[in-house]
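The values are calculated or read from the model by the stated rules, or taken from the named source; none is laboratory data. Everything numeric in this text was worked out from a predicted model, so none of it was measured. Virtual Cβ from ideal backbone geometry, glycine too; neighbours counted across all protein chains shown. Note: areas computed on protein heavy atoms with side chains; ligands, DNA, RNA excluded. Shrake-Rupley method; radii C 1.70, N 1.55, O 1.52, S 1.80 Å.
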Amino acid sequence: MKVPFLDLKVQYQSIKHEILPALESVCENTSFVMGKHVFDFEKQFAEKHGVKHCVAVSSGTDGNHLALWAEGIRRGDEVIIPANTFIATAWGATLCGATPVFVDCHPESYNLDPAKVEAAITSKTKAIVAVHLYGQPADLDPLRKIADKHNILLVEDAAQAHNAEYKGKKIGGLAKSASFSFYPGKNLGAYGEGGAVTTNDDTLAEKCRMIRDHGASKKYYHQMYGHNYRMEGFQGSVLGVKLKYLDQWTEGRRRAAKKYYEELRDIPEIIVPKEMDYAKHVYHLFVIQVKPQTTLSTETRDQLQAFLGQNEIASGLHYPVPLHQQECFAGLGYKKGDFPVTEALAEHGLSLPMFPELSDEQISFIASKIKEFFKK
Ligand SMILES: *Cc1c(COP(=O)(O)O)cnc(C)c1O
């Protein structure tokens, strides 16, 4: 049985009859950049997340940048970023000229650990970026308390967490703003690059709309510095079709996760992810850890990955090198050992296949192979 890490083809086949006419309608309307499809999608996406505004942009990375740029983050400022995230979270800060300050993640949620955030705050700190990593919301209430106490900005990086909930509320409107990614492999993926910034703040939304379109609200009249962060019509049309299926696909991921929990329960050599009681996890990724204390090390994780590969089961590492150990941040002066929880995930973590259509049979097969590996 061959199990891919992610299967975008099977999803495309199921909605092809809606996608192709939607793309054709973009051509017929020649609404190639922004236009009706994008604006309709913005409205629907905001509604879906219970937030007032959605500003569609050209990628999640651009959304990370725009959310901080529009708040005036600039050179000399510090922005708190989890060490355990995809690097684009940090680009949001660096593109503003600000310095990312890394903080370790919580040992169970794998997200920014509120208990460790306060120690990282200095007089230069201007923002905290709470990433909802792997599809699980960060613990926003304590983070908001810290942000309010120090009068700094709190934003969400929701690139992996469309449709997720924190204490019964959809993420995306629970901080000053949130950025989303619609990269094809994300829980809601375009057929190319795409992203969005959501917010309940009218002024911020207007500013984001202007920066996205060359700093102008009226063509050729540029009131502020800007950039071209516009979304393409094709992407808006695909996302409009796909958004209708997001609930169904989210439930597909949660069903797959439930099956994994059942199947992997009695394997003492691994740690399965934990769905926190404040979270509705949307399982962008299902990351297990090979327990470090059972003489098992990174090599064991690598051997398990190779063994799964021999059995045609794909898997991934998220992420093999924590941000503070990336070469590009060598100048910031971090070292190995600074963030043990994040480093443990890099060394022992393994992402198993996860997508809505992943079948129970496939999951049983994966579990049986993991068991076989540890019996050897
Ligand atoms: C994917 C991702 C991004 C960037 O999104 P792109 O659309 O690929 O630019 C940002 N943050 C996180 C946590 C991501 O997973």
When the chain is fully extended, how far beyond the present Cα-Cα distance does Glu312 get from Tyr245, taking 0.36 nm per residue of separation? 21.2 nm
Taking Cα pairs under 8 Å and at least six residues apart, what relative contact order does the chain come out at, in percent? 22
Taking the dipole about the Cα centre of region 8-243, with the C-beta of Lys and Arg at +1 and of Asp and Glu at -1, give me whichever of Ile121, Val38, Phe180 is farthest to the positive side. Val38
Kindly flag which residue pairs out of Lys149/Lys207; Lys145/Lys258; Lys291/Lys371; Lys52/Lys149; Lys116/Lys149; Lys2/Lys369 have an alpha-carbon separation exceeding 24 Å in this structure. Lys149/Lys207; Lys145/Lys258; Lys52/Lys149
Cα centre as origin, Lys/Arg/Asp/Glu Cβ charges: region 8-243 dipole, Debye: 320
To the nearest Å², the heavy-atom accessible area per residue of region 246-375 with 1.4 Å probe amounts to 44
Carbon and sulfur: what percent of region 246-375's accessible surface (1.4 Å probe)? 51
Between beta-carbons, use under 15 Å as the cut-off and find the net charge around Ala127, counting Lys and Arg +1, Asp and Glu -1. -1
Leaving out ligands, DNA and RNA but keeping every protein chain, what accessible area does Lys149 have, in Å² rounded to the nearest 10, with a 1.4 Å probe? 150
Could you sort Phe234, Phe182 by their accessible area in this structure, using a 1.4 Å probe and putting the largest first? Phe234, Phe182
Under the rule of -39500 (n - 2.57) per DSSP H run of 4 or more residues, summed and divided by the residues of the chain, what mean residue ellipticity at 222 nm is obtained, to the nearest 500 deg cm²/dmol? -12000 deg cm²/dmol
With a 1.4 Å probe and all protein chains kept in place, how do Glu262, Glu28, Glu343 rank by accessible area, largest first? Glu28, Glu262, Glu343
Pairs of Cα atoms under 8 Å, at least six residues apart: use those to get the relative contact order of region 246-375, whole percent. 38
Would you kindly find the accessible area of Arg254, with a 1.4 Å probe and non-protein molecules such as ligands, DNA and RNA excluded, rounding to the nearest 10 Å²? 60
When the chain is fully extended, how far beyond the present Cα-Cα distance does Thr203 get from Glu299, taking 0.36 nm per residue of separation? 29.4 nm
Compute the FRET efficiency between Arg75 and Lys167 as 1/(1 + (r/R0)^6), taking r as their Cβ-Cβ distance and R0 = 30 Å, and round to the nearest 0.05. 0.25
Among the DSSP beta bridges whose two residues both lie in region 8-243, what percent are antiparallel, rounded to the nearest 5? 50
Within a Cβ distance under 13 Å of Ala159, other residues only, what is the Lys/Arg minus Asp/Glu net charge? -3
What order do you get for 67-73, 239-245, 199-205, 82-88 when each peptide is scored by the mean count of other beta carbon atoms within 10 Å, highest first? 82-88, 67-73, 239-245, 199-205
Place the peptides 117-124, 151-158 in order of packing, highest mean first, counting for every residue the other Cβ atoms within 10 Å and averaging per peptide. 151-158, 117-124
Over region 8-243, what percent of the accessible surface lies on carbon and sulfur atoms, probe 1.4 Å? 53
So for the pair Gln326, Asp141, with labels modelled 7 Å out along Cα→Cβ, what separation do we get in nm? 3.2
Could you state the accessible area per residue of region 72-176 in Å², with a 1.4 Å probe and every protein chain left in place? 34
Point-to-point label distance, Lys274-Glu372, nm (Cα→Cβ direction, 7 Å offset): 3.2
Starting from the Cα-Cα distance between Lys16 and Tyr220, subtract it from 0.36 nm times their residue separation and give me the gain in nm to one decimal. 69.6 nm
For Arg230, solvent-accessible area (1.4 Å; no DNA, RNA or ligand), Å²: 70
Averaging sequence separations of C-alpha pairs under 8 Å and six or more residues apart, then dividing by the length of region 23-131, give the relative contact order as a whole percent. 23
